[in-house]
Every structure is written in C-alpha cells, then in structure tokens.
Amino acid sequence: MLALSITNGLVIGIIYALTALGVSLVVGIMNVINFAHGEFYILAGYFSYLFAHTMGLDPVVAMVLSIAAVFLIGIVVEYTLIRPTYGDDLYSLILTFILSIVMQSTFLLVFGPFPNKPPNWVKGATNVFGLFLYGNQRLAALIAGAAVIALFFAMLKLTWFGRMIRATSQDREMAELNGINTRRLNMLSFGMGCALAAAAGVILSPVFPVTPSAGVPVALTAFVCVVLGGMGSMWGCVAGGLVLGLVENLGAAFVSTGYKHVFMYLILILVLLIRPSGLFGRSET
Amino acid sequence: MDVALLQGRGLSKRFGGVQALEEVDFEVQAGTIVGLIGPNGAGKTTLFNIVAGTFPPSSGVVLFGGRTITGMPAFRICRQGIARTFQVTRPFGEMTCLENVAVAAVNRHPGCPKEQWMTLARESLAAVGLEALKDTAAKHLNVVQKKRLEIARSLATEPTLLMLDEVLGGLNTQEIQEAIGFIRRLRDDRGLTVFWIEHVMGAIMQATEKVIVLDQGRVLTVGPPREVVADERVIHAYLGD
Amino acid sequence: MDMRMTKNRWLLAAGLVAFALLPWGLGVYHQHIMIVSLFYVMMAASWNLLAGYTGQVSFGHAAFAGIGAYASGILAAKAGVNPWVGVAAGTLLAAIFGFLVGILCLKLGGIYLSLTTLGFSEILHIIINNEYEITRGTMGLQVPGLLSEYSKLAYFYIFLAGALLTLGVVYRLIHSDLGLNFRAVQNDERAAASLGVDVVKVRVLAFTVSSALAGMAGALYGHYLLLITPQIPSLDQQFLVLSMTVIGGMGSFVGPVIGAFGLEILSEYIRAYGEYHVLAFGLVALAVARFAPRGMVGIFRSVWERRRQAAVHPSLPAESP
C-alpha cells in the first residue's frame, strides 16, 4: 500500500512538475499567469487522440505532432491576445480566464462530454521490486515525463535560447538593455509554456482520459506547484510537483479519498501563511 | 550641532548577483537642501527607494528624526513625513489632477471633513501652478506638467522631508531657474528639508548646501558643492576611465 | 449645473418607477428573466467593485455566492431557521471568508488573489460533493422560499431591493474618501503607497465588501430557485458574471447593470438554439477585453464625446463631466 502510493505519487508528481514548468516559465518571463494552461493540456490530449485514433498515426508520432500543434497555437494566442496587454496584469488574467472557458465549451461542442483516450503505447504490467504489479503505461509515463523535464533543463543550461530565458527571468530591464528582444522571447516562451502543458497532456491522457473540463484541476495543481516552489523558480517547480504528487497519493491512501485534492490547497494555505516566497523562491522581487 | 533629520548607517543592497549599494553612510540635516549625484547606475534611486520603503535594505539602518524607519512599508514612511517623487513620473492617469493630489491629502487627514483636505489639495496644486488643469485627466499632461503634479502630490502629504528624483529633466534654462527658485522657497518659506537627486549640475551648484556623491554603490565624497565638483575623484567617476 | 443635476435625478427616479411597474405587464416567464437579471446585477456590480475599482481579479465570486446560498439554505432546510435570518447569516459568512482569504493573499499581490480564489472555489466544490448528506451534492438541496406564499412579483421586488442596496453600497464606497484610494491603487499601487495609501488594507476591504455582497446575492437566489445546486458556485457562473462586467464596462458604475441585463436576456434567446451561449459570450467577451477594454459604456462614451466635441468646437479640449 505504502510503496504503491509512493510510486503513484512519483508518476503524478513528475507530470505535475512538467505541467507546472510551463506556468513557471511564462510567469518568470512575462509575469503573466495563463489561466488556460490546463486547456492546452486537454487540447493536446484531444489532438493525440485524433491523430492516433482517427487518422491512425503511430502513437509517438501523434504525440510529437500534438505538441508541435499546441506550440503553434500558443504562439498565435500570445501574438493576438496577450501581447497587447503587457504591463496590465488585470487584463491578461481576465483574457486567459475567458480563453479557458471558450476552449472548454469548444471541446464540449466538438468532442462531447464523454472521456476520450488515445491508445496506450505499451501493454501489460510489471512487478515492481517484487512488491506490487504496476501498469506499464504508467511506468512509461513516468519515464517519458522525466525525460522531457531533463530535456527542458538541458535546453535552459546549454542553448542560447535557454540563456536568454534565464537572463530575462532574473532581470527583465537588464535583459532589454543588453539587447535581448523580449517581444520575440515572450512569444517563444508562451508557446513553449503551452508546449510543456501539451507534453504533459499527451503523456498522461492514455492513463487519465481527457474531458472538456478536466483541465481545471490540472491547471490548479500546476498553480499550487508554482507557488509552492516559488514563483518563477524552475527547480522549485519540480520539487513542488513531486511534493504535491506524494502528499496527494499518501493522503488519499491513509486519510481520505474524497478529499484527495483538498490536501494540496492546505499546502497552498500553509505556504502563503508561512513562506509566501515558496520553497526555492527569492524573498525579494 | 543638532542631530541630522535623516541618517543612513551602513546601508547595503544586493539584487541577485548585483551589489547596488555597499555600506553607505549619509546624513541630511534639517532645513537644508542636500544634493545626491553620481553617474548612471551609481545607486542613487536605489538609496531613495530604501529610504522611502519601496524595498528594505539587505543590511543597515535608516533613521528619521532619530528613530529607525528601516523596513517600514512605504505608506507608513509617508505618514512619518517623508515624501518622494519618481524619476519616471507615476501619475494616476485616469484620475483628474485635483483627484491625484486629493489622494495624498485625504490620507494625511483621514476621517477629517472633506473641505479640510480638499483645501489642502487645491493649495498644493496651486503651489505648482496647475490649478487651471485641475479637472484634466493626468494622462493628458505633458512630461513637465506630470513632474509638477508629482511635486504637488508630495506637498499634499505635508512632509518634513521632500525627496526629489530628477525633477528638472526636460526643462529649458528659464524653467530650470524658476524651478530652483521654487524649491528654495519650499525650504525658506515652509521649512522643508530637501534631498535631491539631479543631473543638472548647475542647479545642484546653485541650490544645495551639501552634496553626496555616489559611485558604484559607495559614497565617493561628501561636501559643499564647489569643493565636490572640483574633486579629482568625482571628475574621474563621471568621465570614466 | 444644479438644474441639470435635479433634472437627471428626476429622470432616474422616473425610470426606476417605470422599471418597478414593468413586471405587472409581463408574464411569469419574463418576470423570471427580470429576477435572474437582477441577481446578475448584484453579482456583476459587486465584482466590478473589486476588479473595476481596485484592479483585483477574484475568480471566487460565484463561490462566495455559493457560500451565501448554502449557508442560508442549510440553516433553513436542516435547522428550520427563518430564511431572512439565513440570508443575513450567509452574507456574514461570505464576508468572513472574504476577509480571511483577503488577508491571506492580498499582501502578496494581485496574481495570488486570482490563484487563491480559483482554488477556493475548487475546495468548495469538493466539499459540496463530498458532504452530500448535508448538501445533497449535484442532486441539489431543497430549501424553503423567502415568503410563505410563492409569488414571482414579490420576488421581483425583493431582488430589486437587493440590487439597489448593492448598487447603493458600491456607489457610496466609490464616492467616499475610500473611493479615491480604490482608484489610486488601481491606477498605480506603488505611487499610491508613496502617498500614504495603505494598499493592503484598501484591497482587503474592497474584497470583503465585494464577497459579502456576492454572499447576499447567492443567498437570495437560492431561496428564489428553491433548489441549491453546485451550479451556483460554478466556474461557468463566475465566467458569466465576469463577461457581463467586461462587456458592459469594467470600472464604470452602470456597465455591470447593462451587461447583466443584456447578457441574461440574450442568453434566453440563444438558449432556444442550444447551449451555445457560453461559447458566444466567451468570444464576444474576448473581443471586448482585447479591443474595447472599457466595454459598451466606454464605446458609447467615446462616440458621444467625439460627437459633442465636433458639435461645440472642434479645437476645444474635452471638458470633463
């Protein structure tokens, strides 16, 4: 029971971290919270369902295509909706919230209220350490999630784009003075934030099928992760995701299943009360 | 000699990896006009922000009238009698000029009858010569008018210490002379103490009794304006290597 | 000037009387639409107090209405408390929760309020669904009405009184000394703080009042519907209130009133063609927030001002009202 809960917590935690990284990236670069983040996750789930099921593509190809499509949509959204609101936090909050509702009702019209699920990539189950049987699809999700996170951090560390991101999220004015084109950077970051949500979506949708409104709890969890880890801190975000995943699954196993999702809000309240800058946040901004 | 109205002791401020201020000590005596100068990035506005409570120093203390105000929130520091203007003006764009000033006045006299603080607001606006524009939205003002509006707002908080952050930018020679006269009268007639960041050196030379020079986050020198501008180190700091 | 003021006042009074008499000439269905519209007037006007006048976005406004509705409904249905006492209790409870959430996150800044209120609304849903023995979950909780005899006409006047009370509170607040502080905080919080405005206190106060008004609206609404479901504190409801305010005109006094009536009446017509009204309003709200952030009121005002300027004197600057 304990080992199973921990494994479940790790799988979910990795996916939480992956989803939250996209939010963290956008907050760090643009100081914008994308309230439609969860809907981009769902959108990617639907895309991979469409590509794999309806068009019969290979699941992995379908996944990559879905992420690319959501990335492009993210860029368009940034260009048309978010860009004109720079410096006005109020309207970026309102616009992304409306966008999330618009996307939800579009999903409902197109796909209906029923769960949709792309095909599994792997079958069967594995006996983990001789303790319990665990679905291969979930293990694959764990590995894929960890791989995408590793890839993202390598990108931050090693590439020119990653350096721009780190410089800008530290000090926007300084970055602008040093000739970083923050407009283009904003656009790419927003697109990449959506792509990270999409990555989480395609990885997890075979395990948890997507429904039109399933993005709301996903986004909320990502927001709690970001606050827990410290706004704009990438490592904090990963740690936050793992903590939440574990707390939720241990809480569900040993305290109450119905209140599984309330635990993370208790954590949120504690963080806001005790350490508002989060686990890894800088105390001054 | 009496205790300085405003004192900083060992003020340091670090932003991420950048040391913006390092062990800065300074004093502003009551009833004087003190200039704060230094090349760009010397930490002048950072020092103002620390005094005004925009953010706390990483270490060190700020004393006002002998009592510590270190780390107090900005609104409380304002209520202690310290007013400041911003280098890049921050008017309430959607509000009229009179409303802009009234915000300061009403918080100076909370719970008092409206006539009382409206009179204060009107007088402050008149003092900077903006009474004709009282019903104009602040976003329609030009840069110079916005700077005047900021001074009017500061005056309506009825401060003992007024901190000015580059209020002469964009003025022509004649306007600069008028502004210097105005600031001197604030001191002479109202007994205000003025702490003043300025790039227009002529104004500093004419108006101040003392000048503090910052360079790379440290105090380079302090003294009467004539001595300071003749100082080799100051010239070197401005001209660079 | 004084003449015009009194004339405007008479016009307003005459309009109100005409509006108050209107339901006598309407059928039950249209009376229902009027009542629901008045509920949305309360919701949108109180949300506007927060978003329009202090620049804070709460995504928990519908949740606070839910707090009011469930508190009052449970007291009446389970403990036999008089519904009017329940409405007062619901309003108070919403105010207390608003105050607590406000002090928890408002010192940290706007984004935290938006995040926390969204979480708050999610917690409320989880609790409602888990405690179905008390709340009846999605089945809905049957509650008694406010009056011993059910009459749409009577409810219309109760809701009219509620809407006028809400608008009165909002009007008094924004035209008081505090209103200056509200607007200063919205325009530039750093400048406001530098002039002695206690930004956190101003925000917490606005949020508490706004939440209390939502609680009252929700409590009244529950006793009108006679069935309280999780639909009241839902995100869809939150979205409708937000859209009404944005489309009507955020930060203007009449904007939310126009938005509430406009969208509620429109949604009844759109509903005939299926459940497209959420999507339709979403797209319109998106376009308005993007291209006309002052909403319908802003559009009317700029057209009117341009026309007046052209008529009076082409080169004179606009005289402010």
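Pairs are defined by a Cβ separation below 9 Å, a sequence spacing of at least 6 or placement on different chains, a first member in region B:139-156 that is free of Cβ contacts under 8 Å to residues at least 24 places away in the same chain, and a second member that is open to solvent by 80 Å² or more (accessible area, probe 1.4 Å); the pairs so defined are B:His140/C:Pro317. With respect to the conditions (1) more than 14 Å from chain B (Cβ to nearest Cβ); (2) in contact (Cβ under 8 Å) with a residue 12 or more places away in the chain, C:Glu131 lacks only one, and its number is (2).
Selection over region C:14-38 of residues that are modelled with pLDDT under 85 and closer than 16 Å to C:Val254 by Cβ gives a count of 3.
Number of residues in region B:104-116 that are out of contact with any Phe, Trp or Tyr (no Cβ under 6 Å at 6 or more places or on another chain) and open to solvent by 30 Å² or more (accessible area, probe 1.4 Å): the value is 8. Looking across region C:286-307 at every residue that is within 12 Å of chain A (Cβ to nearest Cβ) and part of a helix (DSSP H, G or I), the one that is farthest from A:Met103 (Cα to Cα) is identified as C:Gly295. For region C:221-239, name all the residues that are away from chain A (no Cβ under 14 Å) and either free of Cβ contacts under 8 Å to residues at least 12 places away in the same chain or open to solvent by 10 Å² or more (accessible area, probe 1.4 Å) (or both). C:Tyr221, C:Leu225, C:Leu226, C:Leu227, C:Thr229, listed by residue number. Within the option set C:Tyr155, C:Tyr112, C:Tyr132, being within 21 Å of C:Pro230 (Cβ to Cβ) and among the aromatic types (Phe, Trp, Tyr) holds for one residue only, C:Tyr132.
Residues that are open to solvent by 40 Å² or more (accessible area, probe 1.4 Å) and in a helix (DSSP H, G or I) were ranked within region B:127-141; the one that is farthest from the other protein chains (Cβ to nearest Cβ) is B:Glu131. Residues considered: C:Leu93, C:Leu113. Of these, the only one that is within 14 Å of chain A (Cβ to nearest Cβ) and within 21 Å of the chain's Cα centre (by Cα) is C:Leu113.
For B:Thr119, the conditions (1) surrounded by 15 or more Cβ atoms within 10 Å (Cβ to Cβ); (2) more than 8 Å from chain C (Cβ to nearest Cβ) are fulfilled apart from (1). From the list C:Leu242, C:Leu283, the lone residue that is within 8 Å of chain A (Cβ to nearest Cβ) and free of Cβ contacts under 8 Å to residues at least 24 places away in the same chain is C:Leu283.
Taking the conditions exactly as written (modelled with pLDDT under 85, under 16 Å from the mean Cα position of the chain (by Cα), open to solvent by less than 10 Å² (accessible area, probe 1.4 Å) and within 13 Å of another protein chain (Cβ to nearest Cβ)), does A:Gly230 satisfy them or not? The answer is yes for A:Gly230. For region C:53-94, which positions are over 20 Å from C:Tyr132 (Cβ atoms), polar (S, T, N, Q) and in a helix (DSSP H, G or I)? Matches in region C:53-94: C:Thr54, C:Thr91.
Of these, C:Leu160, C:Leu113, which one is part of a helix (DSSP H, G or I), closer than 30 Å to A:Val32 by Cβ, hydrophobic (A, V, I, L, M, F, W, C) and in contact with a Leu (Cβ under 7 Å, 6 or more places away or on another chain)? Quick ask: steps written out before the conclusion?
Working: C:Leu160 fails: closer than 30 Å to A:Val32 by Cβ.
Answer to the check: C:Leu113.
Considered as a group, the residues in region C:41-75 that are within 13 Å of chain A (Cβ to nearest Cβ), open to solvent by less than 10 Å² (accessible area, probe 1.4 Å) and of a type outside the set (Gly, Ala, Ser) include one that is nearest to B:Met95 (Cα to Cα), and that residue is C:Thr54. Taking strands (runs of 3 or more DSSP E) as the structural unit, those lying wholly within region B:1-103 and holding at least 2 residues that are within 11 Å of chain C (Cβ to nearest Cβ) and surrounded by 24 or more Cβ atoms within 10 Å (Cβ to Cβ) correspond to B:82-84.
The values are calculated or read from the model by the stated rules, or taken from the named source; none is laboratory data. The shown structure was predicted, so the numbers you read here are calculated from the model rather than taken from an experiment. Note: ideal-geometry Cβ built from the backbone for every residue, glycine included; neighbour counts use all protein chains shown. Protein only, heavy atoms only, side chains kept; ligands, DNA and RNA dropped before computing areas. Shrake-Rupley method; radii C 1.70, N 1.55, O 1.52, S 1.80 Å.
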